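Here is the structure we will look at, set down as structure tokens.
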Amino acid sequence: MHKKHRIDGVDPVARSRSRRRALQAIYAWQLNRPTEQALIAEFAHEQAHEVADLEYFEDLVRGVLRHTAELDAALAGHLDRTVEEIDMIERAALRIAAYELIHRPDVPYRVVINEAIDSTKRFGSEHGHTYVNGVLDKAALVLRGSEAQASRTR
């Protein structure tokens, strides 16, 4: 059992697991649009057996479902096609990352991008992670401008 909490109490391994589960949940939602409650119940049960951050998982899923239009609009200017034309795994990863970039300023933008890339490598198409990386690099400059700029000048 891992117990690698940071000073702020966040367990990065549990957070990563929560993001992977959230990706799977958002993917399932995109396919057949279950209710928020049914979706969270289905995946929360699996979460409990995986030692993940259930609260963070629920925040990501609820946040993406409730803010989909806002997230898609924030991504739209950085895409080379419509959101609907993006592979469903990459679309789910981009929506989760956009949610974190906009609504979770406590998570460093580099962590958001790296987690989205890792999830897409694991579940997405062969080169999907490259697309996700390119979109999120551009989106971060707009959504987290000062943080992203400061990181690039180091």
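The values are calculated or read from the model by the stated rules, or taken from the named source; none is laboratory data. Please read all numbers here as calculations on a predicted model, not as lab measurements. Every residue, glycine among them, receives a Cβ derived from its backbone with ideal geometry; neighbour counts consider all protein chains shown. For accessibility, only protein heavy atoms count, side chains too; no ligands or nucleic acids. Shrake-Rupley method; radii C 1.70, N 1.55, O 1.52, S 1.80 Å.
Under 19 Å from the 7 Å Cα→Cβ point of E126, by amide nitrogen: which residues of segment 71-100?
The answer is 87-90, whose backbone nitrogens lie closer than 19 Å to the label point.
Using 0.36 nm per residue, how much length does the chain from Q30 to E42 gain when fully extended, once their Cα-Cα distance is taken away?
Answer, rounded to one decimal: 2.8 nm.
Can you give me the solvent accessible area of D72 with a 1.4 Å probe, rounded to the nearest 10 Å²?
Using a 1.4 Å probe on the heavy atoms, I get roughly 20 Å².
Divide by every residue of the chain the summed helix terms, -39500 (n - 2.57) for each DSSP H run of at least 4, and state the resulting mean residue ellipticity at 222 nm, rounded to the nearest 500 deg cm²/dmol.
Details: 8 runs with 111 residues, N = 154.
My calculation for the chain gives -23000 deg cm²/dmol from helical runs alone.
I need the per residue convex hull volume for segment 34-107, using only the alpha carbons, in cubic angstrom as a whole number.
Convex hull volume per residue, Cα atoms: 100 Å³.
So if R0 is 22 Å, what FRET efficiency would R110 and D80 give, r being the distance between their Cβ atoms, rounded to the nearest 0.05?
On the way: r = 23 Å, r/R0 = 1.06.
Efficiency computed from Cβ-Cβ geometry: 0.40.
Which length gain, in nm to one decimal place, applies between D118 and D137 when the Cα-Cα distance is subtracted from 0.36 nm times their residue separation?
In short, 5.4 nm is gained.
Where only protein heavy atoms count, and the probe is 1.4 Å, what is the accessible area per residue for the chain in Å²?
52 Å²
Could you calculate the contour length gain from S146 to I102, that is, 0.36 nm times the residue separation minus the distance between their Cα atoms, to one decimal place in nm?
Length gained, S146 through I102: 14.5 nm.
Find the percent of Cα-Cα distances in segment 67-146 that exceed 18 Å, and round it to a whole number.
Tail of P(r) above 18 Å: 30 percent of Cα pairs.
Considering only protein heavy atoms and a probe of 1.4 Å, how much of the accessible area of the chain is carbon and sulfur, as a whole percent?
C and S atoms contribute 52 percent here.
Can you pull the accessible area of V142 for me, 1.4 Å probe, Å² to the nearest 10?
100 Å²
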